[in-house]
Amino acid sequence: MLPGPTLRWREGDTVTIHVTNNLDESSSIHWHGIVLPFEMDGVPGISYKGIAPGETCTYTFTVRQSGTYWYHSHSGFQEQTGLYGAIVIEPKEKEPFEYDKEYVVVLSDYSDEKPSTIYRKLKLSADYYNFNQRTVGDFFSEVKEKGFFEAFKEREMWNKMRMSDRDLSDVTGYTYTFLMNGQNPATRFSAMFQKGEKIRLRFINAAAMTFFDVRIPGLKMQVVAAYGNNIQLVDVDEFRIGVAETYDVIVEPQDADAYAIFAQSIDRSGYALGNLTTDANVLASVPPMDPRQALTLVDMGMSKGMDMASMKMKDSNGMQGLKKPIPITKLPIKGVSVRRCGR
Ligand SMILES: [Cu+2]
C-alpha cells in the first residue's frame, strides 16, 4: 500500500516494530524526526547494515516525544517509489488546543518513470523537467516594468550565479503525479466532517522533491504544530511545506458542504487534491492554480535593499555578499533537540 500504514504510538511507551523486507534488494526504515538511540535510526552504512531481502529487523525504543512524524526507506530510491508512511504520537499531557476529529494528510510525488531514470536525466541536464524557462520575451517585459538598467542588472546577477529564477523544482508535474494519501487528483482523498466540528489535519510532506503550497479555499487554517512540536497558534490562509516537513492545522468548516484541500506544487506544474466533505458524493470545486512564480534575489539570500551592482561574485566556493544559509531548524523537545535526517 502507498503510503504505508500509519503508526500510532503513545509518548512514554516502548515500541517494538518488526520490519520484514519483501523486496529483492536491501532496504531500511528511518524514523524521521524521532529521538532514539542511534542504532535504531535506520540509516544504512551509518547506524546499521540495512535489512537484507527476506530479513526481519526489529526496532525497539522508548518514545520520548509526541506529534506528527513520518518514516521512510533510507535505501536507494525506495522512498520515491512509495516506501513511506505517517507516525502519530499521542502526547502524555493534554495538548493546548482541542479538536473533534483528525486526519493524516500525506502529500507525495509519484512517477511511472523509474527514479533511476529521472536521476540519470537530471545528471544529463539539470533542467530536463523544467518547461517554464525564461524567454527573450520575458526580458523585454521586465525592461518595460523596471527599465533597461534594472532588468539588465538582474539578468547579469542570475547569469553570474549560473542559476535560473525559474528553477523552482528539479522534477515537475511533467513526470510526477501529486498524491494525497496515495490518491491522485482524479480519485481524490476524502475526509468527512460534520458542520461545527473542529478537524485536525496532520500534513506530512513525504515527497521526494516537491514543495507544496497548501490551502483550503473558504477556510482559515489554525497552525498548531510544526515538525511535531506545539507552537503558538497562528491562523493562515495558506502555508508552504517543504520536503519532509509536517504541519498540524485545525479547521472549522461551517458554511459549505465540501471544501477542496488544495496542495499546489511550488512550480505550479500540478497539485495534490483532497475533499473535505459532509457527504462522500459531494465534491468541492477545484480552484485554478495560482500563477507561476519566479525566484527573486531575496530568495537567494540577498536583501532587497542591497546594491546589487556592488556585489562581486567569487568562485564556486561562495558568493560574496550572500548571507550564510540559515541552519536547519533545531527545535527543542524536552531537553533534547531533533536533527533533521540527511537525505
Ligand atoms: Cu527523513
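What follows is calculated from the coordinates using simple rules that are stated; it is not laboratory data. No experiment lies behind these values; they were computed from the predicted model shown. A quick note on method: Cβ atoms are made from the backbone with ideal geometry, for glycine too, and the neighbour counts reach across all protein chains shown.
Just how large is the dipole of segment 7-94 about the Cα centre, in debye to the nearest 20, putting +1 at every Lys and Arg Cβ and -1 at every Asp and Glu Cβ?
Numbers: 6 positive and 10 negative charges, 62 e Å.
Using only the charged Cβ atoms, the result is roughly 300 debye.
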Under 5 Å from the placed amide H of residue 224, counting only residues 5+ away or on other chains, we find 248, 249, 250
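Using only Cα atoms, what is the ratio of the radius of gyration of the chain to 2.2 N^0.38 Å?
On the way: Rg = 21.9 Å, N = 343, 2.2 N^0.38 = 20.2 Å.
Working it through for the chain, the quotient is 1.08.
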Would you list 30, 72 from fewest to most Cβ contacts within 10 Å? 30, 72
For residue 190, distant residues with modelled amide H under 5 Å away: 275
By how many degrees, between 0 and 90 and to the nearest 10, does the Cα long axis of helix 115-124 differ from the longest principal axis of the chain? 20
Whole-Hz ³J(HN,Hα) from phi, Karplus 6.51 cos²θ - 1.76 cosθ + 1.60, for segment 177-188, glycine and proline x: 10, 8, 10, 10, 6, x, 9, 8, x, 7, 7, 6
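Check each of the GluC sites (Glu not before Pro) in segment 10-55 and keep only those in coil by DSSP with at most 15 other C-beta atoms within 10 angstrom; list them in order. Intermediate values should be presented prior to the final figure.
Details: sites: 11, 25, 39, 55; in loops: 11, 25, 55.
For GluC sites (Glu not before Pro) across segment 10-55 that sit outside H, G, I, E and B with at most 15 neighbouring Cβ atoms in 10 Å, the list reads 25, 55.
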Taking Cα atoms, the helix 148-161 axis meets the longest principal axis of the chain at an angle in degrees (rounded to 10) of 50
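Loop only per DSSP, at most 16 neighbouring Cβ atoms within 10 Å: give me the trypsin sites (Lys or Arg not before Pro) in segment 1-88, ordered by residue number. Before the final figure, lay out each step's value.
Values: sites: 8, 10, 49, 64; in loops: 49, 64.
Of the trypsin sites (Lys or Arg not before Pro), the ones in loops of segment 1-88 whose Cβ has at most 16 other Cβ atoms within 10 Å are 49, 64.
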If neighbour count is taken as other Cβ atoms inside 10 Å, put 282, 249, 35, 143 in order from fewest to most. 282, 143, 35, 249
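Considering only DSSP beta bridges where both residues belong to the chain, give the percentage that are antiparallel (nearest 5). Present the calculation step by step, with values, prior to reporting the outcome.
On the way: 55 of 71 bridges.
Antiparallel bridges: around 75 percent, rounded to the nearest 5.
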Fully extended, how many nm does the chain gain between residue 292 and residue 62 (0.36 nm per residue separation, minus their Cα-Cα distance)? 78.3 nm
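Just need the relative contact order of the chain here, percent rounded to a whole number, with Cα pairs under 8 Å and 6+ apart. Don't jump to the answer; show the numbers that get you there.
Working: 712 pairs, mean separation 56.2, N = 343.
Taking the mean separation of contacting Cα pairs over the length of the chain, I get 16 percent.
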Rounded if a/c under 1.5, otherwise prolate or oblate - segment 7-94, Cα gyration tensor axes: prolate
Working from Cα positions, state the angle (0 to 90°, nearest 10) between the long axis of helix 136-146 and the longest principal axis of the chain. 80
Placing each pseudo-label 7 Å from Cα in the direction of the beta carbon, residue 257 and residue 143 end up separated by a distance in nanometres of 5.5
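Taking 0.36 nm per intervening residue step and subtracting the Cα-Cα distance, what contour gain separates residue 117 from residue 234 on full extension? Working shown, then result.
Values: separation 117, 0.36 × 117 = 42.12 nm, distance 4.14 nm.
Contour length minus the Cα-Cα distance gives 38.0 nm.
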Karplus 3J(HN,Hα) series, Hz, for segment 61-74 with 6.51 cos²θ - 1.76 cosθ + 1.60 (x for Gly, Pro): 7, 8, 7, 10, 8, 9, x, 9, 9, 7, 10, 7, 5, 10
Could you tell me the relative contact order of segment 7-94? Use alpha-carbon pairs under 8 Å, at least six residues apart, and round to a whole percent. 40
Under the helix-only model (-39500 (n - 2.57) for each DSSP H run of 4 or more, divided by the residues of the chain), the mean residue ellipticity at 222 nm, to 500 deg cm²/dmol, is -3000 deg cm²/dmol
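Using the Cα centre of the chain as the reference point, and only Cβ charges (+1 on K/R, -1 on D/E), how large is the resulting charge dipole? Debye, rounded to the nearest 20.
Computed charge dipole of the chain: roughly 960 debye.
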Would you pull out the residues with amide H under 5 Å of residue 33's amide H, same chain only if 5 or more places away, H placed 1.01 Å from N? 341
List, in order, the whole-Hz ³J(HN,Hα) value for each residue of segment 230-237 obtained from phi through the Karplus relation with A = 6.51, B = -1.76, C = 1.60 and θ = phi - 60°; use x for Gly and Pro. 4, 10, 5, 4, 9, 8, 9, 8
Residue 18 to residue 136: FRET efficiency via 1/(1 + (r/R0)^6), r the Cβ-Cβ distance, R0 51 Å, to the nearest 0.05? 0.30
